[in-house]
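So the structure is just underneath, and the comments pick up after that.
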Amino acid sequence: MRSVILAGLLCLMSVEAGAQQSLPLSAFEGPALSEGEMKAAVNYIESHVVMPEQAEPKAAYGRYYAQEKGIVYGFYARLRPGHKWKPGVHIVADYAKFPGVMDGGCSFIDIIYLPSKQALAADCHGL
């Protein structure tokens, strides 16, 4: 379900074509990343992500990452007193346990990273 939502939100730049294209995420699926590859992917995202214009600085969010079929997903949750989100970076080993919410505007940021293409996108979660 998350893949469908993110695919609707994000257009990825095609490295080969040099033009913006909407492509199904399944076109980029591959083998699962090793632990080392996942850590490298998270480091890449952390150093290259451009936050949406309406978002707070990255440090204002708990940053959660998981992978499925070689695609890395990020979920940034705005830190607020009394909420369950924790500051810093968290790698979720089991994609089925990856956090998610419905809506939330820029209190939540969706990230998608395709290591095979070094394509990275970020967008506010919803209204």
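All of the numbers you see were taken from the coordinates with simple rules; none came from a lab. Note that the structure is a prediction, hence the values are computed from the model and not measured. Neighbour counts are summed over all protein chains in view; Cβ atoms, including those assigned to glycine, are modelled from backbone coordinates with ideal geometry.
Quick notes on this structure:
- Taking the DSSP beta bridges with both ends in segment 17-89, the antiparallel portion is around 80 percent.
- Ranked packing of 109-120, 25-36, 71-82, most packed first, by mean Cβ within 10 Å: 109-120, 71-82, 25-36
- Close amide H contacts of E68 (hydrogens built in the peptide plane, cut-off under 5 Å, sequence separation of 5 or more or a different chain): Y73.
- For M51, net neighbour charge (Lys/Arg +1, Asp/Glu -1) across residues whose Cβ lies under 14 Å away: -2
- The stretch between V101 and V50 holds 16.2 nm of extra length on full extension. This uses 0.36 nm per residue minus the Cα-Cα distance.
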